[in-house]
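Take a look at the structure set out below.
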Ligand code: DCS
């Protein structure tokens with residue numbers, strides 16, 4: 001590869017913040033998997049497995065999840081309104097998709113899906129989202145408070161942009177964390193203040209731990225401005241209890257922290273004894289309104305039953321900021337002109353889906369429930385399979401789309417990893433990929449091992465539960481066979 005050392009930008013002169021962060025779900029293992037895939041294309045049969053199973057990303061449709069018919073029908077009609085004037089359309093599309101598409105087309109600038117829209121998103125689609133939130137929570141929601149965004153990622157970045165003034169500003173984030181947070185905080189010049197989730201307590205959030213981290217950060221001179229909570233959790237898969245959520249709300253309110261509630265997995269809950277409750281609902285149920293607490297909630301069409309992550313749709317709802325601040329946020333949003341229209345449409349459909357009495361309600365519900373039930377089955381099967389392996393323990397996958405088992409690696413494996421200049425979990429993940437074609441993310445990619453973390457020295461992998469049930473059936477014996485041979489190779493022989 002050629003490069004120019006005298007170029008006006010080099011690895012030495014690039015913005016140093018860019019070099020500090022890493023983003024492991026698309027990192028080392030993903031690159032290695034792609035290399036293997038190319039190699040296998042060139043020489044089929046060169047590896048002892050037929051294909052790469054990409055369990056490193058939460059990418060539902062890449063792993064076989066089918067899109068919801070109603071969503072795709074509405075999207076196609078919005079993109080091709082000429083179809084609405086043709087007779088065949090009534091045979092090919094459901095009447096409720098046709099009606100919804102007509103309504104949406106009416107509200108698009110120039111009745112065209114290729115125009116810039118309001119920077120906050122099309123008003124009628126924000127109304128749909130607000131009405132969906134109100135129906136979900138039983139508390140009002142206003143379209144003025146909704147920003148439609150290109151996935152939750154852009155909303156999270158925008159929040160960091162407006163919150164972080166300097167390195168002295170801190171943001172509390174869970175560990176293990178979803179690494180978008182550390183990346184975004186670093187890029188915006190702030191300081192991440194990690195708090196540990198408790199693996200022994202089903203990855204629950206212990207408020208005394210958060211308090212300890214907040215106090216330490218304040219002593220170190222930081223102004224802690226916000227607290228990130230991911231519920232259901234990534235990579236940890238826990239669903240917080242309402243009591244726990246109430247404690248968190250009380251804590252943020254007393255400490256004057258903005259709550260950044262990442263709720264992108266709200267439709268991915270699999271166990272009977274846990275239910276998703278939005279933080280806004282919990283705060284309102286406690287009697288707190290926007291004068292008492294500021295909450296920014298994030299949601300997305302990437303996960304859940306829609307799984308439309310490549311469409312880049314999502315929203316944030318901002319409650320408890322003054323009008324002047326909202327004006328500044330609108331200005332920041334306007335710099336990128338507008339979120340993409342397909343994502344806006346999908347977000348409105350996911351939050352305001354067909355209702356009982358609409359022609360396609362039954363079909364929509366059947367497709368949605370099919371996906372949820374199958375994911376629940378896969379969550380249980382994979383967590384069970386990991387737990388059954390020697391030296392592995394895996395907490396219940398209550399929600400989200402990942403199993404996060406802990407591996408108790410033999411000392412010889414840790415030594416071998418060091419010799420290769422790798423962290424032990426990366427070493428394990430590389431070996432697993434080479435032997436089975438299964439790509440997972442090493443736990444250290446979620447910064448689960450930090451200097452302050454009492455779990456230092458624990459090793460994990462994150463494996464998505466998204467491969468279809470048939471694929472999982474094939475994956476598990478391969479996983480077992482690999483693990484046994486790995487443990488035999490490195491077994492402590494003291
Ligand atoms: N928040 C959480 C907790 C996430 O897990 C993700 C995606 C996002 C936000 C951003 O999603 P969108 O921008 O697509 O709405 N999680 C990635 C992951 O960990 N693997 O694949 C996707």
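The values are calculated or read from the model by the stated rules, or taken from the named source; none is laboratory data. Keep in mind that this is a model prediction, so the values were computed, not measured. Because the Cβ atoms are built from the backbone with ideal geometry, glycine has one as well, and the counts that use them run over all protein chains shown.
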When you check residue 458 against the structure, is it modelled with pLDDT of 95 or more, away from the ligand (no atom under 16 Å from the Cβ) and in contact with a helix residue (DSSP H, G or I) (Cβ under 8 Å, 6 or more places away or on another chain), yes or no? no
Evaluate the following for residue 275: is it part of a helix (DSSP H, G or I) and more than 16 Å from the ligand (Cβ to nearest atom)? no
Could you please give the count of residues in region 77-93 that are in contact (Cβ under 8 Å) with a residue 12 or more places away in the chain and either surrounded by fewer than 20 Cβ atoms within 10 Å (Cβ to Cβ) or part of a strand (DSSP E or B) (or both)? 4
Could you list, ordered by first residue, the pairs with Cβ atoms under 6 Å in which the first is in region 13-25 and part of a helix (DSSP H, G or I) and the second is modelled with pLDDT of 80 or more and within 16 Å of the ligand (Cβ to nearest atom), at least 6 apart or interchain? 17/187; 24/441; 24/445; 25/56; 25/57; 25/441
Some residue of region 412-425 being outside any helix (DSSP H, G or I) and under 30 Å from residue 71 (Cα atoms): no
Sole miss for residue 237 among (1) within 16 Å of the ligand (Cβ to nearest atom); (2) at pLDDT below 95 is condition (2)
Take residue 247 and tell me if it is assigned to a loop (DSSP other than H, G, I, E, B) and either more than 19 Å from residue 169 (Cβ to Cβ) or touching a helix residue (DSSP H, G or I) at 6+ places or on another chain (Cβ under 9 Å) (or both). no
Kindly establish whether residue 179 is away from the ligand (no atom under 16 Å from the Cβ) and modelled with pLDDT under 95. no
Residues of region 434-449 that turn out to be touching a strand residue (DSSP E or B) at 6+ places or on another chain (Cβ under 9 Å) and assigned to a helix (DSSP H, G or I), as a count: 5
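Regarding region 290-302, can at least one residue be identified that is within 30 Å of residue 76 (Cα to Cα) and surrounded by fewer than 15 Cβ atoms within 10 Å (Cβ to Cβ)?
No; the residues of region 290-302 include none that is within 30 Å of residue 76 (Cα to Cα) and surrounded by fewer than 15 Cβ atoms within 10 Å (Cβ to Cβ).
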Within region 119-160, which residues are buried (at least 19 other Cβ atoms within 10 Å of the Cβ), more than 16 Å from the ligand (Cβ to nearest atom) and over 22 Å from residue 284 (Cβ atoms)? 120, 122, 125
Looking at 372, 378, 431, 396, which one is outside any helix (DSSP H, G or I) and either on the phi < 0 side of the Ramachandran plot or within 16 Å of the ligand (Cβ to nearest atom) (or both)? 396
Just to check your reading of the model, which residue among 324, 289 is assigned to a helix (DSSP H, G or I) and within 17 Å of residue 146 (Cα to Cα)? 324
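Does residue 302 satisfy being under 25 Å from the mean Cα position of the chain (by Cα), within 16 Å of the ligand (Cβ to nearest atom) and within 21 Å of residue 401 (Cα to Cα)?
Numbers: under 25 Å from the mean Cα position of the chain (by Cα): yes; within 16 Å of the ligand (Cβ to nearest atom): yes; within 21 Å of residue 401 (Cα to Cα): yes.
For residue 302, the condition - under 25 Å from the mean Cα position of the chain (by Cα), within 16 Å of the ligand (Cβ to nearest atom) and within 21 Å of residue 401 (Cα to Cα) - is met.
Please go through region 395-415 and pick out each residue that is under 20 Å from the mean Cα position of the chain (by Cα) and without any contact (Cβ under 8 Å) to a residue 60 or more places away in the chain.
Hit for region 395-415 is 405, nothing else.
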So for region 317-330 (the condition being within 16 Å of the ligand (Cβ to nearest atom), under 21 Å from residue 234 (Cα atoms) and touching a residue at least 60 places away in the same chain (Cβ under 8 Å)), does at least one residue qualify? yes
Considering region 250-288 alone, what residues qualify as being under 14 Å from residue 317 (Cβ atoms) and surrounded by fewer than 20 Cβ atoms within 10 Å (Cβ to Cβ)? 281
So, in region 44-76, how many residues would count as being surrounded by 16 or more Cβ atoms within 10 Å (Cβ to Cβ), farther than 30 Å from residue 446 by Cβ and in the same structural domain as residue 431 (by TED's automatic domain parsing)? 0
